[in-house]
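Shown next, in structure tokens, is the structure this report addresses.
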Amino acid sequence: MAENSLGIFVEKNPSDSKLSELNIKCWPKWGCSPGKYQLKFDAEETCYLLKGKVRVYPKASSSTSTAEMVEFGAGDLVIIPKGLSCIWDVSVAVDKHYQFQSSSSSSCDH
């Protein structure tokens, strides 16, 4: 996994065994269409993108500096730190599974 100035971890193409171990298919799903969204994460979020492409910029930044920008997309496992305020610039509609750190382990029928 790679960490960056925003504290976001991105793991490109995690193994199927890792995805199964995390039980990702049982996590809730969320999606959005292309656009810019101001988000604040009140809890650490782990998400796995099924579809989409996102560039994340720090909210405090007046410019969209590529030095602080983080990009991820379909097939990436991403951990977003608690307390991060940021702007999601979604260029391709997102469909993802997600789980907050405070959530209890998900269980579901396969």
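The values are calculated or read from the model by the stated rules, or taken from the named source; none is laboratory data. Keep in mind that what you see is a predicted model, and the values were worked out from it rather than measured. No Cβ is skipped: glycine too gets one built from the backbone with ideal geometry, and neighbour counts run over all protein chains shown. Only protein heavy atoms, including side chains, enter the accessible area calculation; ligands, DNA and RNA are left aside. Shrake-Rupley method; radii C 1.70, N 1.55, O 1.52, S 1.80 Å.
Some notes on this structure:
- For the criterion of being closer than 23 Å to Asn23 by Cα and either loosely packed, with under 13 Cβ neighbours inside 10 Å or at pLDDT 95 or above (or both), Asp89 fails.
- Among the residues of region 50-64, those identified as modelled with pLDDT under 95 and open to solvent by 40 Å² or more (accessible area, probe 1.4 Å) are Lys59, Ala60, Ser62, Ser63, Thr64.
- Flag if Glu44 is farther than 17 Å from Ala74 by Cα and not small (Gly, Ala, Ser): yes
- Being open to solvent by 70 Å² or more (accessible area, probe 1.4 Å), under 13 Å from the mean Cα position of the chain (by Cα), modelled with pLDDT of 95 or more and under 22 Å from Ser15 (Cβ atoms) holds for only one residue in Lys96, Lys29, and it is Lys29.
- Residue within region 67-80 that is charged (D, E, K, R), at pLDDT below 95 and open to solvent by 60 Å² or more (accessible area, probe 1.4 Å) present: yes
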